[in-house]
1. Applying the selection to the range 154-180, what residues are open to solvent by 60 Å² or more (accessible area, probe 1.4 Å), part of a helix (DSSP H, G or I) and free of Cβ contacts under 8 Å to residues at least 40 places away in the same chain?
2. Scan the range 48-82 for residues that are surrounded by 16 or more Cβ atoms within 10 Å (Cβ to Cβ) and not in a helix (DSSP H, G or I) and report the count.
3. Output the number of the condition that LEU271 fails; it satisfies all remaining conditions of (1) open to solvent by less than 30 Å² (accessible area, probe 1.4 Å); (2) within 23 Å of LEU196 (Cβ to Cβ).
4. Quick check on ARG8: is it among the basic types (Lys, Arg), within 28 Å of LEU138 (Cα to Cα), at pLDDT below 90 and not in a loop (DSSP other than H, G, I, E, B)?
5. From the list LEU121, LEU37, LEU117, exactly one residue is out of contact with any His (no Cβ under 8 Å at 6 or more places or on another chain) and either of a type in the set (Phe, Trp, Tyr) or crowded, with 16+ Cβ neighbours inside 10 Å (or both). Which is it?
6. So PHE44 ticks every box in (1) among the aromatic types (Phe, Trp, Tyr); (2) open to solvent by less than 60 Å² (accessible area, probe 1.4 Å); (3) within 29 Å of LEU191 (Cβ to Cβ) but one. Which box is left unticked?
7. Of the conditions (1) under 29 Å from THR272 (Cα atoms); (2) touching a helix residue (DSSP H, G or I) at 6+ places or on another chain (Cβ under 6 Å); (3) open to solvent by 10 Å² or more (accessible area, probe 1.4 Å), ALA185 satisfies every one except a single condition; which number is it?
Amino acid sequence: MNAEKRDRLATILISSGAIFAGILVILFLLYLIVEGLPQLSWHFLTSASDSFSTNGGIRDQLFNSFYLVVITLIISIPLSLGAAIYLSEYAKDNVFTRALRLAIEVLSSLPSVVIGLFGYLIFVVNFKMGFSILAGALALTILNIPLLTTNAEQALRQIPYLQRQAGLGLGMTKWRVTKDIVIPAAFPSILTGVILASGRIFGEAAALIFTSGQSSIAVSYSNWNPFDPTSFLNLMRPAETLAVNIWKLNTEGLVPNAQAISSGAVAVLILTILVFNICARLFSAYISKKLGK
């Protein structure tokens, strides 16, 4: 067999494998969505869950999931961006930076359940936060920092060094060049990574079982005082998320239609994560088109 035939055979095998894997993923997602779509309704999305009635919904779990995404991003974005700026613009290649990069790689490979147990021991028990939104957000921050840091660092490194030299040549300080030239140029890629990370946060369950809890108290959505225990904005209240609710329904659900509620919640979860990913890709394409890339 000559080189051309081997190349063609390898191309066919690789393409077939990719197509087969893609079809399996698409069929799996379609099955879950089609299974859950009949359960979706306005009442289902806007009603509180009920442990014993078949009329419950996912209102609180859906809100808790979005709220945790927002709080986690508020905490993790400054930390990740600061680490990325240091590694990309200031850090020298020495033992410390190599150890820091190794720590980021190790942290990114840890199972989320391990981070959840760590969050339980540190935030819930030692810091006495109890099962709360804040404890869950801090655990998700640990889970999210490696992804955001790596993405932001790559985005910053993609900016041509000539742009930095031009700023320095005009007498700008290194920090001003980074702040006014490098970060704005890398902002579209950084934001795309943030949107993708939001989808990962939204679908996380293992880390939140041990930190934000498996239950939700009755809250008032008209109470805007974040220090009131009954406020929907209170950070110290337990908050069962959509992903945790799905896990709970399939393991210990007492509702007669637990399977139906779980299917509907899975469909909402998948569709929301798809929206996050589609928004990231559309935004990236829009920015690339606008910049003429």
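The values are calculated or read from the model by the stated rules, or taken from the named source; none is laboratory data. All values derive from a computational prediction rather than experimental measurement. A quick note on method: Cβ atoms are made from the backbone with ideal geometry, for glycine too, and the neighbour counts reach across all protein chains shown. The accessibility values were calculated without ligands, DNA or RNA, using every heavy atom of the protein model including side chains. Shrake-Rupley method; radii C 1.70, N 1.55, O 1.52, S 1.80 Å.
1. Here is the first cut: in the range 154-180, the residues open to solvent by 60 Å² or more (accessible area, probe 1.4 Å) are 154, 157-158, 160-163, 165, 168-171, 173-176, 179-180.
Now drop any that are not part of a helix (DSSP H, G or I), which leaves 154, 157, 161-163, 165, 168-169, 174-176, 179-180.
Selection gives GLN154, TYR161, LEU162, GLN163, GLN165, LEU168, GLY169, TRP175, ARG176, LYS179, ASP180.
2. Residues meeting the conditions: 4.
3. Of (1) open to solvent by less than 30 Å² (accessible area, probe 1.4 Å); (2) within 23 Å of LEU196 (Cβ to Cβ), only one is false for LEU271: (1).
4. Details: among the basic types (Lys, Arg): yes; within 28 Å of LEU138 (Cα to Cα): no; at pLDDT below 90: yes; not in a loop (DSSP other than H, G, I, E, B): yes.
When the stated conditions are applied, ARG8 does not pass them.
5. On the way: LEU121 fails: either of a type in the set (Phe, Trp, Tyr) or crowded, with 16+ Cβ neighbours inside 10 Å (or both); LEU37 fails: either of a type in the set (Phe, Trp, Tyr) or crowded, with 16+ Cβ neighbours inside 10 Å (or both).
From the options LEU121, LEU37, LEU117, the qualifying one is LEU117.
6. Here PHE44 clears every test but (3).
7. (2)
The rows are residues; the columns are (1) in contact (Cβ under 8 Å) with a residue 40 or more places away in the chain; (2) outside any loop (DSSP other than H, G, I, E, B); (3) within 14 Å of LEU68 (Cα to Cα).
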{"site": "LEU208", "(1), (2), (3)": "yes, yes, yes"}
{"site": "TRP224", "(1), (2), (3)": "no, no, no"}
{"site": "TRP247", "(1), (2), (3)": "yes, yes, no"}
{"site": "ASN250", "(1), (2), (3)": "no, yes, no"}
{"site": "VAL266", "(1), (2), (3)": "yes, yes, no"}
{"site": "CYS279", "(1), (2), (3)": "yes, yes, no"}
{"site": "ALA285", "(1), (2), (3)": "no, yes, no"}
